Each structure stands twice: as C-alpha cells, then as structure tokens.
Amino acid sequence: HLATAFNVFGPYVPVFVNMLNGNSAALQAQGVKGEVELFIHEDDAGERTGFVAVEWKNGGIGDIQGVAVDEKHRRKGVANHLLDHVEQLARQRGTMKLECITAETENGPGLNCFTNWGFQNLGFVGNYPNGQRAVKLRATLPPL
C-alpha cells in the first residue's frame, strides 16, 4: 500500500509493482532502463514502514525512483535510514552521484527530507502526469 502514495502524481503504482516483482521487461517498457534495487524497511515487529527504489544508470548515477514512508511511521528517521542505505549501495558500486525528481510544492516534507539529507535543488524540470511541478535534486557523496 506504500506505493499508492504516488497516485497523486500519476500512474506510478505499476512501476513499483514491477520493481517488487523484478519484472525487468515490463520496467524497460515503462522507461526504467537500468538495474533496479528496491529496499523495504521493516520495524522490529516486521511491519513494512517504508521503501526506496533506485535505478542504477550508466554513467555512475543512482536515480532514486521513489521513497515512501507509511504515515504512522513518519518523522521517526525511516526516510533517512532508506537514503543511508542507498548511499551504502552507491558506494559499493563506486557511484558518487544520486539524483531524484520530486514535486516542488505538493511534496514539501519529501523535498525537505532530501535537502536536509544533502541533495541540492537543481530547479524545475517539467511536470508530473497529473500536473504538479517537478524539481530535480542531486547529491554528490563526499569521500569517506
């Protein structure tokens, strides 16, 4: 049910379902060309609290396709944990740049989470299918 958080922006649930099922042929048809990793965060009781999906693109870029945290688990560090996990995966691959696109105004908490984590707002890059303005964000991982 976490993927339904993206319904407000467009028809993205089938993309996340294909990521969960590892259906690379369907993902390619949906425009996701690189290797995809989906990480689901669970609390100590085994309840799914959030997920992150990242596409590893040629050129050494990790493109975060989506981050979602269940409403009752927000403001508890789950999103930061998910982004930290993506950073670990990126470093293992030698990838030093992470990118994502998010809604400029309709996703204020998400935008704040990304910028607080270290992403820079590169500005307006178009609209989501349902009309919201989209901004591109990029983080360059610091050397260890």
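Structural remarks
- Kirkwood hydrodynamic radius (C-alpha pairs) into Stokes-Einstein, the stretch 88-144, 20 °C and 1.002 mPa s, D in µm²/s: 177 µm²/s
- Summarised as an ellipsoid, the chain has semi-axes of 19, 19, 18 Å, derived from the eigenvalues of the Cα gyration tensor scaled by 5 and square-rooted, with the largest first.
- Computed E for residue 76/residue 39 - FRET, C-beta separation, R0 22 angstrom, nearest 0.05: 0.85
- Dipole of the stretch 49-97 computed with +1 at Lys/Arg Cβ and -1 at Asp/Glu Cβ about the Cα centre; of 88, 68, 53, farthest Cα towards the positive end is 88.
- Only Lys, Arg (+1) and Asp, Glu (-1) charged, at Cβ; the chain dipole about Cα centre in debye: 380 debye
Quick note: the coordinates plus some simple rules give every number you see, no bench work behind them. None of these values were measured; they are calculated from a predicted model. So basically every Cβ, Gly included, is an ideal-geometry build from the backbone, and we count neighbours across all protein chains shown.
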